[in-house]
Each structure stands twice: as structure tokens, then as C-alpha cells.
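Scroll down for the structure; my scribbles are underneath it.
The values are calculated or read from the model by the stated rules, or taken from the named source; none is laboratory data. All figures in this text were calculated on a predicted structure; none of them were measured in a lab. Cβ: placed from backbone, ideal geometry, glycine included. Neighbour counts: every protein chain shown. Please note that ligands, DNA and RNA were not included when accessible areas were found on the heavy atoms of the full protein model with its side chains. Shrake-Rupley method; radii C 1.70, N 1.55, O 1.52, S 1.80 Å.
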There are 2 protein chains.
Amino acid sequence: MENELTVVLEQLTRLVRQLATAGELSMSALMLLGRLEREGPQRLTELAVGEGVSQPGMTQLVGRLERDGWVRRTTSTGDRRGVLVEVTPAGRELVGVRRNQRAEALNHLLSTLHPEDQAAIGRALPALTRLIEARTSVTTPRSTTHV
Amino acid sequence: MENELTVVLEQLTRLVRQLATAGELSMSALMLLGRLEREGPQRLTELAVGEGVSQPGMTQLVGRLERDGWVRRTTSTGDRRGVLVEVTPAGRELVGVRRNQRAEALNHLLSTLHPEDQAAIGRALPALTRLIEARTSVTTPRSTTHV
DNA sequence: TCGTTTTCCATAACTGTATTATGCATCGTT
DNA sequence: AACGATGCATAATACAGTTATGGAAAACGA
């Protein structure tokens, strides 16, 4: 079974790689924007932990997004060291558009499958969620397992 | 349903990103080595198409792998323009080790799930394979859909 | 209150991964 | 023999990620 899973994972990896370099925004950027849109303004360090990248990596990502007008750095908290990152209206708009595109594409893809296949995927989703959950909780910082 | 699928895809993206920068070999490199080990020596252009990257991208990837001794460029075919890329013994060894690590990790992960969850994933694998199949066949070169 | 430690972020330096545009050698074809 | 097509390499660029380091502000401890 894990062989077949491996094939699926490798194909998904190719998919993710292509998505990461296509269109106006990278996958990392889109996911960050999505988080900010869902959860509201957050500290830079929180974002780094949440997205699973290093703090300097997050600083740079936020820098690029700020340069292009999708997010804004503010310092509104009492702590003057802290930086609060928030999505701009333009960024919010962009997230909405991309979310719709994605939902549409996924629905179209799913519609090409037989109903039994759709049902099988639907029934496996909670399990898949838990599978990934198990991995991320097992993983200690910077000790990635070799999946 | 596509919302839940999206969550799984996003989590997978984080996983892929972490795997891509961890350990001695990137995800791209491992997948290329795996292909060469499975399917034997191949032309550089074939590899680029198979892995879904541009030809210069593949040239560079092969260059890094060659520098580190995992693959070799040969020109054995009649066509003197062509480059045949083959995995070295060291590369073959490395692929085997990583494959085992991965299988072990996946099995461990699966074993943490309830049997019903495992069964659900098992039943969904063929459907997932077809889902990905549908996407890659729909996608024309450099016109990535927004999944 | 003052010194020390810790936290938060930025910067520097580096590596890798990808792209497009371009050029050169070779192959096939006419 | 010339010409177009093919195969690969290179250049230039941008993004994505890392570790190491530094500086400012906060928190803490006598």
C-alpha cells in the first residue's frame, strides 16, 4: 500500500512544485495571504511557526509581499519590537479570486471522476487529514522525517 | 468537499517544502534519481518533460547531481547532440536507502491511524491516482491550472 | 533602578530551484 | 551544400530557503 501512496505523493509533489512557480503569486505567498485573511493580523514570528519556515525566511516573504502591496507591516501593539503583519484590501481581493479559481478547478477535476471515485476520496479525506496531522505532530523542529 | 481537499493540499505543500530543504538531497533530486533508477538512463529532454520542469532547469539539476557524484552524463547514443543521464552506483545506493527510510516512515505513520482510516485511504488511492492523472493530462505545457 | 538576559526582527551570505532568452553544435531534409 | 529543426548549455534574473549574527526593546532579578 505504501508504494501506491508514494506514487500519489510524488505526483502531488510535482503538482506543488509547478504551482509554486506559476502565476503571479507563489504557493508560499498564497498560503500566507490565506492565513492572514482567515485569522487576521499576526506577529511575524507566529507566522513563521505557522507556515513552518524560519524567521528570516518569513521576514523575506513578508518583504516581498509588502513590496507588491499585498500586506502591510504595522507596529500597533504595545511591544515596540514586534511587527504585526496584516493583509491589505488588494491582498484580500486577490485571495478571494484565487480561492474561487482553485475551488472551481478542483470541482472540475473531481467532476471528471466516476461517482464511486469521488465518494472514495470523500470518505478518505478525514483519514488523510489525520495522516498529515500525525506527521506534523511527530516532527520536532528541524528534524524532518524522510517521507 | 473541495474545502477539505484544499486543506490536505495545503498541508502537503508545507510538507513538501520542508522535505525539499532537508537532508542531503532535495525532493527534486530524489525524484529524479528515483526515476533514473527505475527506468534506466534517459535523455535530458525526456527527463525535463517527465519531471515537469524546463530543459534548462533539468540541465542545472543534473549538473548539481553530477557534481556530487550521484549521476553521470554519457554520450553513448548515435546522436552526438544528445546527453544520456545515468545513475552512478553511489546514486543507486542512496536511492535504496532513502526509499527504505521513506517506506518505513510511511508505514509508521499509517500505523498510528485507526484501521478504518487506513482502509479508507487504501480504497481512495486508485481514485486519487486518477484524479492526479486527470489534472496532468488536462494541463497543457506552461498553462498550469489554479488548483 | 540598574545590569543582565531574553525576545523579536532584520540583515548578510550562501545554496538551491525555477524561469525566459539566447547561442551553438549536430542532425535530417531537400 | 544549405537550411531548418532538435538537443543541450549558458546567461541573467527572481524567488525561496537556510544558518549566523546583530541591535533594539522588553522582562527580570537583585
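Here the Gaussian network model covers chain A, with springs between Cα atoms less than 10 Å apart; of A:T74, A:T112, A:T45, A:T112 fluctuates the most.
Charge dipole (Cα centre; +1 on Lys/Arg Cβ, -1 on Asp/Glu Cβ; no other charges) of segment A:27-138 amounts to roughly 320 debye. Peptide B:44-51 has a mean shielding of 1, counted as Cβ atoms of other protein chains within 10 Å of each residue's Cβ. With a cut-off of 14 Å between beta carbons, the residues surrounding A:G50 carry a summed charge of 0, where Lys and Arg count +1 and Asp and Glu -1.
Here the Gaussian network model covers chain A, with springs between Cα atoms less than 10 Å apart; of A:V16, A:V71, A:V53, A:V16 fluctuates the most.
Report D for segment A:27-138 in µm² per second (integer): Stokes-Einstein, Kirkwood Rh on Cα pairs, 37 °C, 0.692 mPa s.
On the way: Rh = 16.1 Å.
Here the translational diffusion coefficient equals 203 µm²/s.
When accessible surface is computed with a 1.4 Å probe, chains B and A are found to bury approximately 6400 Å² between them, both chains counted.
Take the solvent-accessible surface of the protein heavy atoms, probe 1.4 Å, and return the percent of it on segment B:20-138 that carbon and sulfur atoms account for.
Working: 3270 of 6210 Å².
Reported share for carbon and sulfur atoms: 53 percent.
The distance separating the Cα centre of segment B:10-31 from that of segment A:35-108 comes to 22 Å. Per-residue mean of foreign Cβ neighbours for B:104-115 is 5 (Cβ atoms of other chains, 10 Å radius). A helix-only calculation puts chain B at -22500 deg cm²/dmol for mean residue ellipticity at 222 nm, using -39500 (n - 2.57) for each DSSP H run of at least four residues, averaged over all residues.
Counting Lys +1, Arg +1, Asp -1, Glu -1, what net charge surrounds B:E116 among other residues with beta carbon under 14 Å of its beta carbon? Walk me through the numbers before you get to the answer.
Numbers: positive: A:R123, A:R130, B:R123; negative: B:D117.
The answer is +2.
Each copy carries a label point for A:Q55 at 7 Å from Cα along the beta-carbon vector; from one copy to the others these points are 4.6 nm apart, nearest first.
The H on the amide N of A:Q42, modeled in the peptide plane, is under 5 Å from the matching H of A:V85, each at least 5 residues off or on a different chain. Overall, the ratio between the Cα radius of gyration of the protein assembly as shown and 2.2 N^0.38 Å, rounded to two decimals, is 1.08.
Once you average over the residues of B:22-33, how many Cβ atoms of partner chains fall within 10 Å of each Cβ? Please list the in-between numbers first.
On the way: counts 6, 2, 0, 0, 0, 6, 3, 0, 3, 5, 0, 0.
Per residue, the average neighbour count from other chains is 2.
For segment B:1-98, the list of GluC sites (Glu not before Pro) that fall in a loop by DSSP and count at most 13 other C-beta atoms within 10 angstrom reads B:E24. Residues of chain B were split at every exposed loop site, defined as trypsin sites (Lys or Arg not before Pro) in a DSSP loop with at most 16 other C-beta atoms within 10 angstrom, and the longest piece left, sites excluded, is B:1-79. Among residues of chain B, the one whose beta-carbon sits closest to the B-to-A rotation axis is listed with its distance in Å as B:A124, 2. Distances, shortest first, from the label point of B:R43 to those at the same position in the other copies read 5.6 nm; the point lies 7 Å along Cα to C-beta. Residues in chain B average 52 Å² of solvent-accessible surface per residue, probe 1.4 Å, ligands and nucleic acids excluded. Given the whole protein assembly as supplied and a 1.4 Å probe, what does the accessible area of A:H114 come to in Å², nearest 10? For A:H114, solvent-accessible area is about 120 Å².
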